[in-house]
Amino acid sequence: MPLSHTASNFDSSTELLRIETDLFELTIAGKPFHATVERLSLHRGGEEAAGSAGGASDEGRIPAAFSAAARSLRLTLRRVELFSPQTGRLEVWEQGTPAYPCFYETGAYEFTLVKTDPVSELAFYHENVNLRRRIKPRGRSVLSGTLDFGSEIGESELEIRLDGRPLLAIGIEVFPAKLDYRRDYARLIGEVDDEAYDLSFDFLRRTYRPAESAERPRQSLAEFQAILRAVFGRMEDAVRRIGAHPHYRLEAERRLRESVRAKRTDRRSLEDLRRHPQRLRREEGGWLEIRPRSGAEPEAPGARREAEPRRGREAEAARYTPTHLLEARRTVSYDTDENRFLRWMLERTAGRIDRLQRELREGSARRDPLLDRELERIKRRIGRMLDADYLRAAGPMRGGGASLVLQMAPGYREMYKLHLLLLRGLAIREGLLRLSVKDMAQLYEYWCFLKLHRLLADRCRVVRREGSGIRRGGLFPTLIRGRGSRIEYELPHSGARLALLYNPSLLGRSRPTTEQKPDLLLTLYTPDGGASGERSVNGGETGRTTGAGGRIPARETSFVLDAKYRLDPAEPGTSYERAYASPGPLEEDINVMHRYRDAIVRRGADTGEYERRVEQACVLFPYGNESEYAEHHFYRSIGRVGVGALPFLPGSTALAERWLDGVLGLPGAEANG
């Protein structure tokens, strides 16, 4: 029986996971299939299946990450059952058994845990505080709540704790509902990384992506926190190892002592007596013999004397006994370059934790009491490390390369490697570190802006850019909105200028109605000898300068593009399928484009009346079957009324590029219609 028929038989009460142990029984229930995924045949092994509309079979589904492991000897796993799309029911899962997608973004999944002993202090834990708070006690024996991953994609670890200590860890993988995991999602992440490698990163979201360290020009606080959590235990082990045998050096210490108490003297002791002859007392049995210069009588103490015999004719020697001698002693000093480096590294790590805590305090939405306690615990442990005698004796860090001790000595070698790791960035690929990624709606919006910039840069010359366009303060980087994101281009064949802005604010106080904030605003300035100078989106005069210093007025035309990470799959029998036949944008998003076109206006320079500024407004939405969509009603409507939608995904940008060529007036461009 086709899957599209059997999928309708499953509802939100379907058990997707059941785990039986000696301490509790755990279940997660929800819809195992997503309508859009099945309609578009997403997450299949073959490229030809991904992105095609219509029913699909169970064959060729890509595997999903799943794990269930006891973290304590106090727990015995008796049975683990996982839903199988092939059989449509729970199947016994063991280590090595393949798992398949059954958890999707925007899905709601009911979590239930029933205790064997109502007295036991069992609790649910997730590193995301919002998800953790959803699971609450229901009486003495039950923990339950709804797991909602929003638009976040990737792996997620659910943990059951007993008396605050890990008992069971469950790893699941949340799949996108509108993109193909392998074909679209991975390429989208990669293209965002090509523009700014850390722009896709976020901080302690509901899901994470496997990551590994990589050479990067900078590091965000989110990356630092992810690496620190993974390596801090190794740092403590290395410091304990160093503490058992810290590196030191022997220093010569000299002090003046009574001669009868001095145990070790050397040449510098004699040189000190030459400089201070008042410390000599003349005695018949003195052990220090001083011969005066030839032809001179022995002088009284207090005069400069030679402490060693001279050759040639010599006078009679006199004997002296020193009252005080400069004694030489060897002492152990821990003020070495290696210990200074170690102290500097620990202080620097503590400083970055302070900065991370400040960012968390300023962003109240990110506050998590468990995270606060974890960071305080790490800081206290670093403080105890710094209280070690050998580190308290170390002075401030001085410049210098990595010594052989840092590279080879036990403990120091490990700390040096961890220091290099803490300085590195992360790359989203298979690795042992965990890194949260922005939710798909935000990531798709970023990608649309960056991809449109790349398409324009391929066709035009970039003439001006307001900085990097990326704000790197805070926990993780974000795109700068409005004027700070402005990029200007010039068309080589016509000399026309363009400006691209991300999420500009068209304020209500300077408009006849309300504030409008489209995702992307593309403005084209073309020379117009008959019009007076008009104002740009930033409020400045537009136009080009003539050779005589005059100004050629420019005609301003704007185009709105709004990134919407959603689509209607046009399921058979629905009103959307009857009206449009194939998947496409939501009707409500098309209506928003009508609003933008009518609400974004400007005052005419000649008449003073408000007139439309936006010529076309289009939705950018995630869909990969461009040949099918080329016949869609909302694609043809762009040429007819200036409002419609364009499919926009990595590898599926042909229709959007055709539209862009028409806007730029490039040779060979075709109009929609």
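The values are calculated or read from the model by the stated rules, or taken from the named source; none is laboratory data. Worth saying up front: this structure is predicted, and the values here are computed from it rather than measured. Cβ atoms come from the backbone with ideal geometry, glycine included; neighbour counts cover every protein chain shown. Calculation scope for accessible area: heavy atoms of the full protein, side chains included, ligands and nucleic acids excluded. Shrake-Rupley method; radii C 1.70, N 1.55, O 1.52, S 1.80 Å.
The table for this structure:
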quantity: Alpha-carbon Debye profile of segment 334-392, log10 I(q)/I(0) at 0.24, 0.30 Å⁻¹; calculated: -0.92, -1.19
quantity: Accessible area per residue, Å², segment 76-200 with all protein chains present, probe 1.4 Å; calculated: 41
quantity: Square roots of five times the Cα gyration tensor eigenvalues for segment 105-193, Å; calculated: 32, 13, 10
quantity: Share of carbon and sulfur in the accessible heavy-atom surface of segment 316-379 [1.4 Å probe, %]; calculated: 43
quantity: Sequence-distant residues sharing a close amide H with His324 (under 5 Å, placed H); calculated: Ser259
quantity: Protection proxy ranking of 119-126, 573-580, 619-626 - average other beta-carbon atoms within 10 Å, highest first; calculated: 619-626, 119-126, 573-580
quantity: Segment 81-130 pair-distance distribution - Cα-Cα, 5 Å bins, rounded %; calculated: 4, 12, 16, 19, 20, 17, 10, 1
quantity: Area of Ile62 that stays accessible when all protein chains are in place (1.4 Å probe, Å², to 10); calculated: 10
quantity: Charge tally in the Cβ shell below 10 Å around His34, where Lys, Arg are +1 and Asp, Glu are -1, His34 excluded; calculated: +1
quantity: Segment 555-644 - percent relative contact order, Cα under 8 Å, separation 6 or more; calculated: 35
quantity: Cβ crowding within 10 Å averaged over residues, with 267-280, 650-663 ranked highest first; calculated: 650-663, 267-280
quantity: Cross-link pairs beyond the 28 Å C-alpha cut-off, checked among Lys136/Lys379; Lys31/Lys136; Lys178/Lys451; Lys379/Lys417; Lys31/Lys564; calculated: Lys136/Lys379
